[in-house]
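Chemist: Structure incoming, see below.
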Amino acid sequence: MALSLQSEQFPGNPVQVVSGPGALARVFTYTDKLGCPKVLVVCGEKVSQLPQVADLAAPAPTTVEVFDQVEPDPSDQTVATGGEHARRLGADVIVAIGGGSSMDAGKAIAAEAAQPGWIFSQDRPGEPTTVPEAVLPIIAVPTTAGTGSEVTPFSVITFTEAQRKVVLNHDALYPRYALLDPTLLTSTPPAAQVAAGMDALTHAIESYVSKEATGPSRAWARDAISLIGQHFRAAVQSPENLEAQAGMQRAAMVAGLAFSVSRLGIVHAMALPLSALFGVPHGVANAILLPFGMEFNQPAAVAEFANIAQALGVSKEGDTPGAASEQAIAAVRELAEDTGAARRMSEVGVDKDAIGRMAEDAMKSAHISRNPRTVALADILALYECAY
Ligand SMILES: [Fe+2]
């Protein structure tokens, strides 16, 4: 993995990706290029204290304020408060620094800033997102290697009153720049690192087998799977290993490129209610559900799973596609075990009595229609039971 600064853009995706150590320190070069001197940084409290963030010095005439109230699984209320802050400052660009929660909140705040109360009109699962005309430009800076939000038009917001997560999706929510600085990953707490890595792996695998996968999206997804196979264990075991962190950061980003095209599948559909109802972190929910979702999908995607085994470096020459596809599932279980990921819903505070409601919520997700194997409510109920 190259550890010098590079800038690139990918076919069909509008985000300029700048990667390498020190990428964040150059953020004002990019706010300047956008002609935006009033910067609102959107992050969580811990991220605001990272030296790389606290030491950001804006050259005149740039003014910077920090909105550091983003919580895990950001709520509609946080978006409204952040939007108000942006309007008070007269912000003309949002720099969202953090994991998926901060980047997703930053995107929604960029829209809310242009139209007070906009966020409350978007609690419409499955319906197209509408945005105000003047959404502020967004620069995304990930501090975990997970969601890929830095290169997607998606923002997952929790609507407090309805107790559900809704995936907002609009081209205006694509960041203009993604700054991938691997030094930001070295202080990520291990549990967050593991959850993020399992989220990225779930994106890559669900994208690879999606009914809407294309040649380019499959190539990105495969690249992500291979990078995760190479770097995930090392990144978790040795957080200071910049090469491993850069490898995971790239994996999460290219998986984001892949699923922007292909969307996801049954695992993400089933993960959302675990977070909305029981506050299970998104990556933890995916880590638990991924092997079960793969087992369900395997009969409908044997060749694809065999390719996944190859990308993970676990298939042997002469293996039948059936045997190789089984090895992909075993390899994912092993990776989860080696990195200490959660394995069961019962370990993370999910109430078994809620399985019926969760299954109904999961069936409403748009991801279900992209899953390679047709999904019925009974299948989801059975999978939740198995994963409990
Ligand atoms: Fe995800």
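Chemist: If each residue of separation counts as 0.36 nm, what is the full-extension length gain between Ser187 and Ala366 once their alpha-carbon separation is subtracted? Don't skip to the answer; put the middle values down first.
Modeler: Working: separation 179, 0.36 × 179 = 64.44 nm, distance 3.47 nm.
Fully extending the segment from Ser187 to Ala366 adds 61.0 nm.
Chemist: Take every Cα-Cα distance within the range 1-55, group them into 5 Å bins from 0 onward, and report for each bin the whole-number percent of pairs it holds.
Modeler: 4, 14, 20, 23, 24, 12, 4, 0
Chemist: One-quarter of the Cα convex hull surface for the range 223-299, in nm²? It would help to have the intermediate numbers written out before the result.
Modeler: Values: hull surface 24.0 nm².
Averaged projected area of the range 223-299's Cα convex hull equals 6.0 nm².
Chemist: Considering the options Ser226, Ile266, Gln249, tell which one lies farthest towards the positive end of the dipole of the range 158-281, charges being +1 on Lys and Arg and -1 on Asp and Glu at the Cβ, about the Cα centre.
Modeler: Most positive-ward Cα: Ile266.
Chemist: As a test, work out the antiparallel percent of DSSP beta bridges whose residues both lie in the range 6-184, rounded to the nearest 5.
Modeler: Numbers: 9 of 30 bridges.
Approximately 30 percent, going by the DSSP bridge assignments.
Chemist: Compute the distance in nm between two label points, each set 7 Å from the Cα along the Cα-to-Cβ direction, one at Gln115 and one at Gln237.
Modeler: Between Gln115 and Gln237, the label points sit 5.1 nm apart.
Chemist: Let me know the charge dipole size of the range 189-387 about its Cα centre in debye, to the nearest 20, where only the beta-carbon of Lys, Arg (+1) and Asp, Glu (-1) is charged. All intermediate terms of the calculation are to be shown ahead of the outcome.
Modeler: Values: 15 positive and 21 negative charges, 78 e Å.
In debye, rounded to 20, the range 189-387 gives about 380.
Chemist: If you count the DSSP beta bridges with both ends in the chain, what percent of them are antiparallel, to the nearest 5?
Modeler: Numbers: 9 of 30 bridges.
In the chain, approximately 30 percent of DSSP beta bridges are antiparallel ones.
Chemist: Which number do you get for Rg(Cα) / (2.2 N^0.38 Å) in the range 6-184?
Modeler: Numbers: Rg = 14.8 Å, N = 179, 2.2 N^0.38 = 15.8 Å.
It is 0.94.
Chemist: Using a 1.4 Å probe on the protein chains only, how many percent of the accessible area of the chain belongs to carbon and sulfur? Before the final figure, lay out each step's value.
Modeler: Details: 7480 of 14710 Å².
Here carbon and sulfur together make up 51 percent of the probe-accessible area.
Chemist: Okay, next question. Express in % the proportion of alpha carbon pairs of the chain at distances exceeding 31 Å.
Modeler: Values: 23420 of 75078 pairs.
Beyond 31 Å sits 31 percent of the P(r) for the chain.
Chemist: Sticking with this one: Determine the per residue accessible area of the chain with all protein chains present and a 1.4 angstrom probe, expressed in square angstrom. Each step should come with its number before you reach the end.
Modeler: Details: 14710 Å² over 388 residues.
On a per-residue basis, the chain sits at 38 Å².
Chemist: Oh, and also: Pairing the Cα long axis of helix 266-278 with the longest principal axis of the chain, what angle in degrees results, from 0 to 90 and rounded to the nearest 10?
Modeler: So the inclination is approximately 60 degrees.
Chemist: Sort Ile368, Ile119 by accessible area with a 1.4 Å probe, largest first. Please list the in-between numbers first.
Modeler: On the way: Ile368 25, Ile119 0 Å².
Listed by decreasing accessible area, they come as Ile368, Ile119.
Chemist: Using the Cα centre of the chain as the reference point, and only Cβ charges (+1 on K/R, -1 on D/E), how large is the resulting charge dipole? Debye, rounded to the nearest 20.
Modeler: Numbers: 26 positive and 41 negative charges, 92 e Å.
Roughly 440 debye for the chain.
Chemist: Could you calculate the contour length gain from Glu347 to Leu89, that is, 0.36 nm times the residue separation minus the distance between their Cα atoms, to one decimal place in nm? Working shown, then result.
Modeler: Values: separation 258, 0.36 × 258 = 92.88 nm, distance 4.35 nm.
88.5 nm is the gain from fully extending Glu347 to Leu89.
Chemist: Would you mind telling me the antiparallel percentage of the DSSP bridges in the range 134-233, rounded to 5?
Modeler: Working: 6 of 8 bridges.
The antiparallel proportion sits near 75 percent.
Chemist: What share of all Cα pairs of the range 189-387, in percent, falls into each consecutive 5 Å distance bin?
Modeler: 1, 9, 17, 21, 21, 17, 10, 3, 1, 0
Chemist: Right, something else. Output the pairs from Lys46/Lys364; Lys33/Lys211; Lys107/Lys364; Lys165/Lys211; Lys33/Lys107 with a Cα-Cα distance over 31 Å in this structure; if there are none, say none.
Modeler: Details: Lys46/Lys364 34 Å; Lys33/Lys211 39 Å; Lys107/Lys364 24 Å; Lys165/Lys211 24 Å; Lys33/Lys107 19 Å.
In this structure, Lys46/Lys364; Lys33/Lys211 lie more than 31 Å apart at Cα.
Chemist: In deg cm²/dmol and to the nearest 500, what is the mean residue ellipticity at 222 nm of the chain if only DSSP H runs of at least 4 residues count, each as -39500 (n - 2.57), divided by the residue total?
Modeler: Mean residue ellipticity at 222 nm (helix-derived): -15000 deg cm²/dmol.
Chemist: With unit charges on the beta carbon (Lys/Arg positive, Asp/Glu negative), name the residue among Ser365, Ser315, Leu381 whose Cα is farthest towards the positive pole of the charge dipole of the range 310-388.
Modeler: Farthest towards the positive end: Ser365.
Chemist: In a solvent-free Debye calculation with one equal scatterer on each Cα, what is log10 I(q)/I(0) for the range 270-388 at q = 0.11, 0.18, 0.19, 0.21 Å⁻¹, listed in the order of the q values?
Modeler: -0.38, -0.95, -1.03, -1.17
Chemist: Provide the solvent-accessible area of Arg164, counting protein heavy atoms only and rolling a 1.4 Å probe, rounded to the nearest 10 Å².
Modeler: Its accessible surface works out to 80 Å², give or take rounding.
The values are calculated or read from the model by the stated rules, or taken from the named source; none is laboratory data. Model, not experiment: these values are computed from the prediction. All Cβ positions, glycine included, derive from the backbone under ideal geometry; neighbour counts span all protein chains shown. SASA here: full protein model, heavy atoms, side chains in, ligands and nucleic acids out. Shrake-Rupley method; radii C 1.70, N 1.55, O 1.52, S 1.80 Å.
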